[in-house]
Amino acid sequence: MRFMVARNGQGTALYSVDGDNAYRMTGVDGFDGDDLSALIAADAARVAVIDAAARQQGPVPVSALTPALPFGQFGKILCLGLNYVDHVKEGGYEIPTYPAMFVRMPSSMIAADEPMVKPDCSDRLDYEVELMIVVGKGGRHIAENQALEHVFGYTVFNDGSVRDYQRKTHQWTPGKNFDGTGALGPVVVTADVLPAGASGLKIESRLNGVVMQSATTSEMMWSVAKTIATVSEFATLEPGDLIAMGTPPGVGHARTPPVFMFPGDIIEVEIEDIGLCRNPVISEQQAASHEAAE
């Protein structure tokens, strides 16, 4: 199944998505959840009942909805770096024997279609298309051969990175956490309708319509299952936690000359059978003016 949290004149709600049609689940059959949290907590039979009841009420065009973030309150947002060999090489790193990891703050996250903010202090805002895991069942010390049972679904992530701040120290936290730089969504696709571990899917980014990254998720060094097992060695995973799986080669800072994003640009990141996340780029001043207007 495909799910989307979105806004319209009736507020923010959870929808199931079928092609160009969306079906409002919030408020149907006693279900009052308005993001993915309540859905993840429900069993499959209950989800099927809610979805069937929502479809009886008729569709809303997806085009009439404004995407929102899938969670009103985030849990952990864990991210892998250096998970594609050619991306490791283009960045000048040695092939790692253990995945590089960092965390994203909720304040850095935006929904599909929302403006991605280029900070005033840097001209090195880069794009990174990534597969994002949505954890469905928590646990600690999860065995690799059981790890996929813990996946609720997958979505698309653009790990917008401010490269000069990322490289100020060995820790990547500043460059990966500027406000309004991590774009997510709009659709979360359940694991059962995708290949195991979402492997073998085309993954691509396009800047102003020009293809910048193009690979498949089968090229990841650490699979979804291996990543979940590795993360759960040190952290208890909980339903709703997110894990980004790293980006393929073709990022802007590794190009000659480098290519970065600026106000007026449009960045699109897409994964086969999951969806397209599209965001315009604006300046920090434009973002402040927009917030003041609201």
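Could you please find all residues in region 156-192 being among the β-branched types (Val, Ile, Thr) and in contact with a Pro (Cβ under 7 Å, 6 or more places away or on another chain)?
Initial filter on region 156-192 (among the β-branched types (Val, Ile, Thr)): 156, 162, 169, 173, 181, 187-190.
Result: VAL162, VAL188.
Consider ALA54 against the criteria (1) buried (at least 19 other Cβ atoms within 10 Å of the Cβ); (2) part of a loop (DSSP other than H, G, I, E, B): it satisfies all of them except one. Which criterion is unmet?
(2)
Looking at GLU144, GLU114, which one is under 15 Å from the mean Cα position of the chain (by Cα) and in contact (Cβ under 8 Å) with a residue 40 or more places away in the chain? Working first, answer last.
On the way: GLU144 fails: under 15 Å from the mean Cα position of the chain (by Cα).
Step by step, each of GLU144, GLU114 is checked, and only GLU114 is under 15 Å from the mean Cα position of the chain (by Cα) and in contact (Cβ under 8 Å) with a residue 40 or more places away in the chain.
Could you check, for region 15-27, whether at least one of its residues is open to solvent by less than 10 Å² (accessible area, probe 1.4 Å), assigned to a loop (DSSP other than H, G, I, E, B), more than 30 Å from GLY246 (Cβ to Cβ) and touching an Asp or Glu at 6+ places or on another chain (Cβ under 7 Å)? Please lay out each step first, then the result.
Here is the first cut: in region 15-27, the residues open to solvent by less than 10 Å² (accessible area, probe 1.4 Å) are 15-16, 22, 25.
Still in the list and also assigned to a loop (DSSP other than H, G, I, E, B): 25.
If we keep only those that are more than 30 Å from GLY246 (Cβ to Cβ) too, we end up with 25.
When the remaining residues are screened for being touching an Asp or Glu at 6+ places or on another chain (Cβ under 7 Å), the result is 25.
Yes, the conditions are met somewhere in region 15-27.
Given the residues VAL151, VAL85, which is the only one that is under 18 Å from GLN213 (Cβ atoms), hydrophobic (A, V, I, L, M, F, W, C) and open to solvent by 10 Å² or more (accessible area, probe 1.4 Å)? Walk me through how you get there before you give the answer.
Values: VAL151 fails: under 18 Å from GLN213 (Cβ atoms).
Answer to the check: VAL85.
Scan region 79-96 and report the pairs whose first residue is within 18 Å of VAL231 (Cα to Cα) and whose second residue is open to solvent by 70 Å² or more (accessible area, probe 1.4 Å) and assigned to a loop (DSSP other than H, G, I, E, B), with Cβ atoms within less than 8 Å and a gap of 6+ or a chain change.
LEU82/TYR93
Within region 182-203, how many residues turn out to be without any contact (Cβ under 8 Å) to a residue 40 or more places away in the chain and buried (at least 16 other Cβ atoms within 10 Å of the Cβ)?
So the answer is 1.
Looking at region 60-69, can you tell me whether even one residue there is small (Gly, Ala, Ser), buried (at least 18 other Cβ atoms within 10 Å of the Cβ), closer than 21 Å to PRO186 by Cβ and touching a residue at least 24 places away in the same chain (Cβ under 8 Å)? Walk me through how you get there before you give the answer.
Step one: filter region 60-69 for residues small (Gly, Ala, Ser), giving 63-64, 68.
Remaining after also requiring buried (at least 18 other Cβ atoms within 10 Å of the Cβ): 68.
Subset that is closer than 21 Å to PRO186 by Cβ: 68.
If we keep only those that are touching a residue at least 24 places away in the same chain (Cβ under 8 Å) as well, we get 68.
Yes: region 60-69 contains one or more residues that are small (Gly, Ala, Ser), buried (at least 18 other Cβ atoms within 10 Å of the Cβ), closer than 21 Å to PRO186 by Cβ and touching a residue at least 24 places away in the same chain (Cβ under 8 Å).
Just checking, does region 113-122 include any residue being buried (at least 22 other Cβ atoms within 10 Å of the Cβ) and over 17 Å from PRO280 (Cα atoms)?
no
The values are calculated or read from the model by the stated rules, or taken from the named source; none is laboratory data. As the structure is a prediction and not an experimental result, all values here were calculated from the model. Positions of Cβ are generated from backbone atoms using ideal geometry, with glycine treated the same way; all protein chains shown enter the neighbour counts. We work out accessible area using only protein heavy atoms, side chains counted, and drop any ligands, DNA or RNA first. Shrake-Rupley method; radii C 1.70, N 1.55, O 1.52, S 1.80 Å.
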